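Read-outs throughout are calculated quantities, based only on the coordinates presented, and are distinct from any laboratory measurement. Keep in mind it's a predicted model, so treat the numbers as computed, not measured. Heads up, the Cβs are rebuilt from the backbone with ideal geometry, glycines too, and the neighbour counts pull from every protein chain shown.
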Amino acid sequence: MSLASTSIDSGQLPDLVSHNIDVNSRQIIKEGWLFKRGEHIKNWRSRYFILRSDGSLVGYKNRPDAQIPTEPSNNFTVARCQIMSVDRPRPYTFIIRGLQWTTVIERMFYVETEHERTQWVEAIRSVANCLSEIDQQEEPVAELNDNDDVEMASIAEEEELDEKLSHQGTSTGSGKKKITLENFEFLKVLGRGSYGKVILCREKSTAKLYAIKILKKEVIIQKSEVEHTMAENRVLRKTNHPFLISLRYSFRTNERLCFVMQYVNGGELYFHLRNEKIFSEDRTRFYGAEIISALGYLHSHNIVYRDVKLENLLLDKDGHIKIADFGLCKEDITYDRTTNTFCGTPEYLAPEMLEDNDYGLAVDWWGTGVVMYEMMCGQLPFDNRDHDILFKQIMMDDVKFRRPVSSEAKSLLTGLLEKSPQKRLGGGPDDVREIMVHPFFASINWYDLVNKKIIPPFKPQVTSDTDTRYFDSEFTGESVELTPPDPAVQLQSIQEEPHFSQFSYQAIASFMSNNSALVSLP
């Protein structure tokens, strides 16, 4: 394929920088065919890219027709980007580097001639410079002058105020009590990761048990997890469903972020399936229905979960599902609105995520298909330690059934594991309702399900609320003491506060009614 391209005259490109253009005009600056390297399967794909004056760089599998609306496969911005020309791994390659949320990402392209590369690099650099100039004009930098002493005094006062406002814990003017770590008695460590710990605790004033997730601010910032952490906080605040973990409080200290959440001690589905090897179709149907009900509820609030896997599916003491860990949730996603961030656990990733395409709510139904396949077949539908091979399987291989399952189960799993998100079961505008009416779920009364009137097929064998037998003894035997903060980190806490200024929260009540969960019912 010839990568012929069109653009405004390259001699006019510097004019973009010297004139204050209207970036909202979305003028086409350059368009044409490029080869783009895949981010996860490192092959080269031809895409027709259009660069506009607002910084958007949008790619299509086919050259778009102006008369027919076409969904792009790639949607980037060149605002504040760096661009460099290289001749590896192919001649006439160029790399665009920029920020996506808080993460530095790179996108690699190549063309067939040096002239084409020069045209693209100059066009992208000119648009980026123009946008940078406009940003600087809109946000002028104050010059030093005779009032600097007053200016610095004002800044010092603001920092002192920030320090007072960033006290340990949180309180509000509405009469809610101040919450700090001192409000809780730590009992056992339930889990630990690179960002912090999860500890079983008892609220001293009520004697109620909670799981408190304690994260280190410095690590969250260093690992570029600010957006994920704040998204988890926002989603936990505004959701209320019987099969989702609920949030009681969130607050911050100078060094840490704390989520005080509902505590469930029935263990992960991963633990139970590992011990039992396989679940019956009836048991899978029950768990699948509760998972689908919860995901449908999130979708009704324009939230895509993006991290469906057995480790995030917990059981409460009665055997009901509780979905945990909302760090990968993406908000404001609807049937016709998508995102393109790559995230999740490799074995559970949907094909559209691997193809660098925009994706939407249907990725959750792919993940649901994977976990239900695991329950009924005792293994992953696609599995390989070599991620390149794994990703090719996910994108290209048909689903194989290595154990006998009913025709209804096979139909359901095949529908959920459809490669095309548009053809996938649940991938249309009806979303969850399309799955709820599938014959596999014919025996499920969805109203009874969300009101917990259906008896779970398995009840965890816990003897008390503090029984942690389903948690890893490697963690439960650890000390509950928190590592003392580094004094240098304490000095940085004021600068970190803007990242987390909207973090603190108190729920009106620990657990609300299940009526709000009924919105997803057909």
| How do Glu31, Glu106 line up, fewest other C-beta atoms within 10 Å first? | Glu106, Glu31
| query | How much length is gained if the chain between Lys223 and Asp282 is pulled fully straight, taking 0.36 nm per residue apart and subtracting their Cα-Cα distance, in nm to one decimal? | reply | 17.1 nm
| When the Cα centres of the stretch 44-83 and the stretch 203-229 are compared, how far apart do they sit, in Å? | 39 Å
| field | Cut-off 15 Å between beta-carbons: net charge of the residues surrounding Asp397, Lys and Arg +1, Asp and Glu -1 | value | -3
| query | For the stretch 269-450, with the dipole built from +1 on Lys and Arg beta-carbon atoms and -1 on Asp and Glu ones, taken about the Cα centre, which of Met375, Ser280, Tyr297 lies farthest toward the positive end? | reply | Ser280
| task | State the Cα centre-to-centre distance between the stretch 276-293 and the stretch 379-454 in whole Å. | result | 12 Å
| By what distance, in whole Å, do the Cα atoms of the stretch 269-450 stretch along each of the three principal axes, largest value first? | 38, 36, 29
| note | Once both label points are put 7 Å beyond Cα along the C-beta direction, the Asn451-Ile389 separation in nm becomes 5.2 nm
| query | For Pro381, what charge total do you get from the other residues with a beta carbon under 15 Å from its beta carbon, if Lys and Arg give +1 and Asp and Glu give -1? | reply | +2
| message | I need Trp44, Trp365, Trp33 ordered by Cβ neighbour count within 10 Å, fewest first. | response | Trp44, Trp33, Trp365
| query | So for Ser53, Ser224, fewest C-beta neighbours within 10 Å to most, what's the order? | reply | Ser224, Ser53
| query | Within a Cβ distance under 13 Å of Arg125, other residues only, what is the Lys/Arg minus Asp/Glu net charge? | reply | +2
